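To start, the structure under review is shown below, and the notes come after it.
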Amino acid sequence: MIRSMTGYGSAKGTAAGFAITIELRSVNNRYLDLGIKLPRGFLFAESEIKNYIQKKVSRGKLDFFLTLDSVESDQTKIRVNTRLAEAYRNAITEIGQNLELPASVSALDIARFPDVLSLEKEELDQDAFLQQLFPLLDTALEDFNAMRAREGEKLAEDLLLKADHIEEMVMAVERQAPNTVSAYRERLEAKLREVLADTSAAEERLIAEAAIFADRVATDEETVRLHSHLSQFRKLMEEGSPIGRKLDFLIQEFNREANTIGSKCQDSEIAYLVVELKSEIEKIREQVQNIE
């Protein structure tokens, strides 16, 4: 299955008393570049999440977003400093006795003094949080990969059509190549007949020159290699992702053979075919940049 590097996936659920939303977004990149965005206080999960995603995704610039809200009322507790409250009460009583003032004081009065009451958040169970987070991450990754697979399927169809078109042009080059040598031989023969009166000498010169020209413009090796590259291209497409970097290297070889044919050709029709060939290879190269 071919997968695109561009995709989006999400999942919602709960973990350790929090309502969680996970989002995954990716675009093209030469290698895997992970960006983990976590709320403050949850940075402990960064390396675990990164390692988990690396097992499922091999290429692309991927951003992971985690948002959460508390859904349990006991996440925050009120702590009473009883000893400090007693000290405040005793101090107030002592003031009343020393100054002969009424020392009536309520619990609410004492609670208003500094540090008698404090808010404390329960310590998060990190292991329990991660155990409940990963199934949600799996769901988000499935959604993410499903979108990439749908786009990858369309890419594969387009790439295979372009590969067929390239093969047709390579075969057209093979058909035209012998005509190049024949046309050169005819032009050369006409010139030699004019210059050389000795027809036997002209024939020998003609054979030698035609052989040299045929060797110089021969594109058999390049077209055979292109057929081989196309066969390997189709095989890789059947294997499925991750094949992006392999395809990228293979397309460089396509270009190398096309450039060599272009440098050898002495024929306007082959020159036109080479321009079309290179144009189609460039289209494939651009598309391959999207494949994982």
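The values are calculated or read from the model by the stated rules, or taken from the named source; none is laboratory data. None of the values given here were measured: they were computed from a predicted structure. Glycine gets a Cβ as well: all are built from the backbone with ideal geometry, and neighbour counts include every protein chain shown.
Being among the aliphatic types (A, V, I, L, M), touching a residue at least 60 places away in the same chain (Cβ under 8 Å), assigned by TED's automatic domain parsing to the domain that holds ASN145 and surrounded by 17 or more Cβ atoms within 10 Å (Cβ to Cβ) is a description that does not apply to LEU32.
Condition check ((1) in contact with a Pro (Cβ under 8 Å, 6 or more places away or on another chain); (2) of a type outside the set (Asp, Glu); (3) modelled with pLDDT under 90) across all residues:
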site	(1), (2), (3)
ILE110	no, yes, yes
GLU122	no, no, yes
GLN126	no, yes, yes
PRO135	no, yes, no
ASP138	no, no, no
LEU141	no, yes, no
ASN145	no, yes, no
ARG148	no, yes, no
GLU153	no, no, no
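Among the candidates SER200, SER263, SER228, SER268, the residue that is hydroxyl-bearing (Ser, Thr, Tyr), modelled with pLDDT of 90 or more and surrounded by fewer than 16 Cβ atoms within 10 Å (Cβ to Cβ) is uniquely SER228.
Residue count for region 1-23, restricted to those that are more than 11 Å from LEU66 (Cβ to Cβ), hydrophobic (A, V, I, L, M, F, W, C) and surrounded by 15 or more Cβ atoms within 10 Å (Cβ to Cβ): 3.
Residues in region 73-116 that are assigned to a helix (DSSP H, G or I) and touching a residue at least 24 places away in the same chain (Cβ under 8 Å) were compared, and the one that is farthest from PHE18 (Cα to Cα) is TYR88. Taking the conditions (1) touching a strand residue (DSSP E or B) at 6+ places or on another chain (Cβ under 6 Å); (2) surrounded by 13 or more Cβ atoms within 10 Å (Cβ to Cβ); (3) more than 26 Å from VAL288 (Cα to Cα) in turn, ARG59 satisfies each one other than (3). Inside region 85-139, can you point out the residues that are touching a Gly at 6+ places or on another chain (Cβ under 9 Å), over 22 Å from LEU38 (Cα atoms) and surrounded by 12 or more Cβ atoms within 10 Å (Cβ to Cβ)? Across region 85-139, the qualifying residues are ALA103, VAL105. Residue count for region 49-67 under the criterion of being more than 20 Å from ARG3 (Cβ to Cβ) and either at pLDDT below 90 or not hydrophobic (A, V, I, L, M, F, W, C) (or both): the result is 2. Screening SER26 on (1) surrounded by 15 or more Cβ atoms within 10 Å (Cβ to Cβ); (2) within 25 Å of the chain's Cα centre (by Cα); (3) over 18 Å from THR139 (Cα atoms) shows it passes everything except condition (3).
Every residue, every condition in (1) among the charged types (D, E, K, R); (2) within 18 Å of the chain's Cα centre (by Cα), yes or no:
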residue	(1), (2)
GLU238	yes, no
ASN255	no, no
SER263	no, no
LEU273	no, no
ILE284	no, yes
GLN289	no, yes
